[in-house]
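Peer 1: The structure is given below, and queries will be raised subsequently.
The values are calculated or read from the model by the stated rules, or taken from the named source; none is laboratory data. Fair warning: this is a prediction, and the values are worked out from it, not measured in the lab. Cβ atoms come from the backbone with ideal geometry, glycine included; neighbour counts cover every protein chain shown. The accessibility values were calculated without ligands, DNA or RNA, using every heavy atom of the protein model including side chains. Shrake-Rupley method; radii C 1.70, N 1.55, O 1.52, S 1.80 Å.
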Amino acid sequence: MKIIYTENYEVMSAVTAQLIAAQIYRKPDCVLGLATGSTPLGTYAELIRMHRSQNLNFSKVRTVNLDEYKGLSPDSDQSYAYFMRENFFRHINIRPENTHVPNGLNPDEDAACSCYERLIDDLGGIDLQLLGIGHNGHIGFNEPDDTFIMDTHAESLTEKTVRMNARFFERIEDVPTRAYTMGIGQIMAAKTVILIANGADKAETMARFAERTIDPHFQGSILHAHRNAYVIADKAALSILIKQAPQLISNR
Ligand code: F6R
């Protein structure tokens, strides 16, 4: 795992978008694993800009999103399917049928998850997976636990995650408490993984990477074992880690 320091959110987003664009140039029909949340918004904006000004071509790209709230329809403006359409897909030349998000409307958890696993297998696996990280270290909706869960599964969101995600809803009671998420196995099977983090509120989270142990109570720590994982973070998010373990940051 390589940790890359960037000066601010704009640079973090630009560097990440360039790595994703390079993946698309290398393999025009690549499978991108995508994330929602605030962190990747700048990356998506930069990719949209590259599509418009440099003809970055998404016509053959396939995408699979990490997760979706159980119970929300793709048309609900709180769903991750809606988020992806509004913030990314409708601004680029990707074919809607090539974009995939777990089916939040399937009440049968086992069926919803096995169907998504099959889909990722049928696509040939993920070439590049983009991740954000929760304050508690979650990746996708893989919450702190005694083990890593490998497969796509339904997860109960922790109180902390529900509180954090309430900012996207009118009332905290509206935040779904269960979600479908890719498992750690699928994330780790991606050929390249890029985890992005910004802002002072993520500094303590990022400092956990200094421990260099793989601990399911900090799910992001599994990336220490990925041979092609990049953590791209801004100065504020790295402010503690850079003091505790400067040797872990490759470009300082
Ligand atoms: C979103 C996802 C989550 C977020 C994480 C960070 O699809 O899987 O793991 O990446 O909660 O969210 P932000 O970017 O809003 O801080």
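Peer 1: Rounded to the nearest 5, what % of the DSSP beta bridges within the range 95-252 are antiparallel ones?
Peer 2: Working: 6 of 15 bridges.
Taking every DSSP beta bridge within the range 95-252, about 40 percent pair in antiparallel fashion.
Peer 1: What is the dipole size for the chain, taken about its Cα centre, with +1 at each Lys and Arg Cβ and -1 at each Asp and Glu Cβ, in debye to the nearest 20? Working shown, then result.
Peer 2: Working: 25 positive and 31 negative charges, 246 e Å.
Once rounded to the nearest 20, the dipole reads 1180 debye.
Peer 1: Could you state the accessible area per residue of the chain in Å², with a 1.4 Å probe and every protein chain left in place?
Peer 2: Details: 11230 Å² over 252 residues.
Dividing the accessible area of the chain by its residue count gives 45 Å².
Peer 1: Okay, next question. For the pair Thr177 and Ala111, what calculated FRET efficiency results from E = 1/(1 + (r/R0)^6), where r is the Cβ-Cβ distance and R0 = 22 Å, to the nearest 0.05? Display every interim value, and only then the final one.
Peer 2: On the way: r = 20 Å, r/R0 = 0.91.
Given R0 = 22 Å and the Cβ-Cβ separation, E is 0.65.
Peer 1: How large a share of the accessible area of the range 123-252, in percent, is made up of carbon and sulfur atoms when the probe is 1.4 Å and the other protein chains stay in place?
Peer 2: On the way: 2810 of 5610 Å².
The C+S portion of the solvent-accessible surface of the range 123-252 is 50 percent.
Peer 1: Let me ask you something else. Would you mind telling me the share, in percent, of accessible area of the range 1-116 contributed by carbon and sulfur at probe 1.4 angstrom? Intermediate values should be presented prior to the final figure.
Peer 2: On the way: 2620 of 5150 Å².
It is 51 percent, rounded to a whole number.
Peer 1: Hey, got a sec? Which trypsin sites (Lys or Arg not before Pro) in the range 51-92 land in a DSSP loop and have at most 14 other Cβ atoms within 10 Å?
Peer 2: Values: sites: Arg52, Lys60, Arg62, Lys70, Arg85, Arg90; in loops: Lys60, Lys70.
The qualifying sites are Lys60.
Peer 1: Using every alpha carbon pair in the range 67-172, what percent of pairs falls into each 5 Å bin from 0 up to the bin containing the largest distance?
Peer 2: 2, 10, 18, 24, 24, 15, 6, 1, 0
Peer 1: Given the DSSP H assignment, sum -39500 (n - 2.57) over each helix run of at least 4 residues in the chain and divide by its residue total; what's the result at 222 nm in deg cm²/dmol, nearest 500?
Peer 2: Numbers: 8 runs with 76 residues, N = 252.
That calculation yields -8500 deg cm²/dmol at 222 nm.
Peer 1: Hey, another quick one. What distance in nm separates the simple spin-label points at Thr147 and Asn87, each placed 7 Å from Cα in the Cβ direction?
Peer 2: Each label point lies 7 Å from its Cα, and together they span 3.2 nm.
Peer 1: Just give me a number: lysine pairs in the range 115-248, eight or more positions apart or cross-chain, with C-alpha atoms less than 22 Å apart. Present the calculation step by step, with values, prior to reporting the outcome.
Peer 2: On the way: Lys160/Lys202; Lys202/Lys235; Lys202/Lys243; Lys235/Lys243.
Number of lysine pairs found: 4.
Peer 1: Roughly speaking, what is the centre-to-centre gap between the range 190-231 and the range 36-56 when only Cα atoms are used, to the nearest Å?
Peer 2: Each part's Cα centre sits 23 Å from the other's.
Peer 1: Show me the GluC sites (Glu not before Pro) within the range 1-76 that DSSP assigns to loop and that have at most 16 other Cβ atoms within 10 Å of their Cβ.
Peer 2: On the way: sites: Glu7, Glu10, Glu46, Glu68; in loops: Glu7.
Sites meeting the loop and neighbour criteria: Glu7.
Peer 1: Provide Rg and Dmax in Å for the chain, with only Cα atoms included in the calculation.
Peer 2: In order Rg, Dmax, the Cα atoms of the chain give 17.0, 48 Å.
Peer 1: Efficiency by 1/(1 + (r/R0)^6): what FRET value for Gln18 and Ala166, r their Cβ-Cβ distance, R0 = 35 Å, to the nearest 0.05?
Peer 2: 0.60
Peer 1: Can you compute the modelled spin-label distance between Arg227 and Thr213, with each label point 7 Å from Cα toward Cβ, in nm?
Peer 2: The modelled label-to-label distance comes out at 2.7 nm.
Peer 1: Distance in nm between label sites at Arg26 and His135, each 7 Å beyond Cα in the beta-carbon direction?
Peer 2: 3.5
Peer 1: For the range 66-119, restrict the atom set to alpha-carbon positions and state the Rg and Dmax in Å.
Peer 2: For the range 66-119, the Cα-based Rg and Dmax read 11.4, 33 Å.
Peer 1: At q = 0.21 Å⁻¹, what is the base-10 log of I(q)/I(0) for the range 10-50 according to the Debye formula with one equal point scatterer per Cα and no solvent? Please give it to two decimals.
Peer 2: -0.64
Peer 1: If you take the charge dipole of the chain about its Cα centre, with +1 on Lys and Arg Cβ and -1 on Asp and Glu Cβ, which of Ile149, Thr43, Gly132 is farthest toward its positive end?
Peer 2: Thr43
Peer 1: Given a Förster distance of 25 Å, report the FRET efficiency between Lys191 and Ser156 from their Cβ-Cβ distance, rounded to the nearest 0.05. Mind dumping the intermediate values first?
Peer 2: Numbers: r = 30 Å, r/R0 = 1.22.
Working from the Cβ atoms, E equals 0.25.
Peer 1: Then there's this: Show me 141-149, 16-24 ranked by packing, highest mean number of other Cβ atoms within 10 Å first. Could the numbers behind the result be given before it?
Peer 2: Values: 141-149: 16.3, 16-24: 18.9.
Per-residue Cβ counts within 10 Å, averaged per peptide and sorted highest first, yield 16-24, 141-149.
Peer 1: Which GluC sites (Glu not before Pro) in the range 159-196 sit in a loop by DSSP (not H, G, I, E or B) and have at most 15 other Cβ atoms within 10 Å of their own Cβ?
Peer 2: Values: sites: Glu159, Glu170, Glu173; in loops: Glu170.
Here the sparse-neighbourhood loop sites are Glu170.
Peer 1: Give the shape of the range 3-109 as rounded, prolate or oblate, defined through the alpha-carbon gyration tensor: a ≥ b ≥ c are the square roots of its eigenvalues, a/c under 1.5 means rounded, and otherwise the shape is prolate if a/b is larger than b/c and oblate if not. The partial results should precede the final answer.
Peer 2: Numbers: a/c = 2.01, a/b = 1.49, b/c = 1.35.
Prolate, since a/c reaches 1.5 and a/b exceeds b/c.
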